[in-house]
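Trainee: Below you'll find the structure I mean.
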Amino acid sequence: MNIHHSERTSDDQGGGVDLRQQLVNQGEIGPIHQVSLPLVMITRLQAIMIDVDLKLLKQSFASHNLRQSPARMYEELIRPMLSRHSVLAKAEVRDSGSGLHILLHFDRAVEFLCEGDRARWQAITRAIQLLLPSDPDAPGITAVTRPVGATNSKNGRAVSVLKEGEPITAREVLDLFEEIRTAPVRTVMGILLGRDALSPCPLCQGESTMLAPLDHVAMCYGGCGKVGLDRVYDLFMAPRVED
């Protein structure tokens, strides 16, 4: 069953310019100052969003031409990553006008009965978001997306669906989180790189080296030794520009 886009914008919503859509509570659509909610006001989670901001990607991973086209970026680089896990393969993918919004829609909204529930799902959501080369500063369950048909005022482009999604269960997300918790490096590298080992090591580029994932670290044999997740992300994300 595909996700039905009942949230498509219409003229009575301000012409669809720079509207946002909640992924929590009732899923309302409107100006961001109206629909963006603080964590304490969220009572139910309808979807998890992974925000792939093309400006944050390293040029050696995504060329300038790819970073100008969310559709090509999805087809050539992100789609293979999503296909490597059964949960991510069910995601809806939207061209937000300037990047990719990857949405995991729940078949039933996750209800929060107490502050502990919100904190738990905030942590789960942040872990899921880090499975892809996504914006590290993106919010967790407070994130909002651009609704289908809205216009991105920065470039005048309309938001469109690149891939229809399928509903997922909360159990599927919890099982995925358990994979991340028990074997973070193996899980992330399996999705990002799709191979058990890379030779030569893409980090040190040493001759006759090999980078292989273990559960909590990666090991570069014959080269740079133990490698943490931060260095794995360096293969995909551009360095931060410090003030």
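The values are calculated or read from the model by the stated rules, or taken from the named source; none is laboratory data. Computed from a predicted structure; not experimentally measured. So basically every Cβ, Gly included, is an ideal-geometry build from the backbone, and we count neighbours across all protein chains shown.
Trainee: Which condition does L57 not pass, out of (1) over 22 Å from P239 (Cα atoms); (2) touching a strand residue (DSSP E or B) at 6+ places or on another chain (Cβ under 8 Å), if it passes all the others?
Mentor: So L57 meets the others, but not (1).
Trainee: Something else now. Pick out the one residue from I141, I124, I78 that is closer than 30 Å to G228 by Cα and within 11 Å of the chain's Cα centre (by Cα).
Mentor: Numbers: I141 fails: within 11 Å of the chain's Cα centre (by Cα); I124 fails: within 11 Å of the chain's Cα centre (by Cα).
Being closer than 30 Å to G228 by Cα and within 11 Å of the chain's Cα centre (by Cα) holds for just one of I141, I124, I78, which is I78.
Trainee: Among the residues of region 179-189, which ones are in contact with an Asp or Glu (Cβ under 8 Å, 6 or more places away or on another chain) and part of a helix (DSSP H, G or I)?
Mentor: T182, P184, V185, R186, T187
Trainee: Which residues, counting only those in region 46-70, are closer than 22 Å to A143 by Cα and of a type outside the set (D, E)?
Mentor: Of everything in region 46-70, those that are closer than 22 Å to A143 by Cα and of a type outside the set (D, E) turn out to be Q46, A47, I48, M49, I50, V52, L54, K55, L56, L57, P70.
Trainee: Right, here's the next one. Take the residues in region 99-138 that are among the small types (G, A, S) and in contact with a helix residue (DSSP H, G or I) (Cβ under 7 Å, 6 or more places away or on another chain); name whichever of them is nearest to V40 (Cα to Cα).
Mentor: A138
Trainee: Restricting to region 131-178, give me the number of residues that are assigned to a loop (DSSP other than H, G, I, E, B), of a type in the set (V, I, T) and either free of Cβ contacts under 8 Å to residues at least 12 places away in the same chain or over 17 Å from L100 (Cβ atoms) (or both).
Mentor: Of the residues in region 131-178, 3 are assigned to a loop (DSSP other than H, G, I, E, B), of a type in the set (V, I, T) and either free of Cβ contacts under 8 Å to residues at least 12 places away in the same chain or over 17 Å from L100 (Cβ atoms) (or both).
Trainee: In addition: Sort out which residues of region 176-198 are surrounded by fewer than 16 Cβ atoms within 10 Å (Cβ to Cβ) and at pLDDT below 95, and write them in order of number. Full working, then the answer.
Mentor: As a first pass, look at region 176-198 and keep what is surrounded by fewer than 16 Cβ atoms within 10 Å (Cβ to Cβ): 178, 181-182, 194-197.
Hits for region 176-198 are G194, R195, D196, A197.
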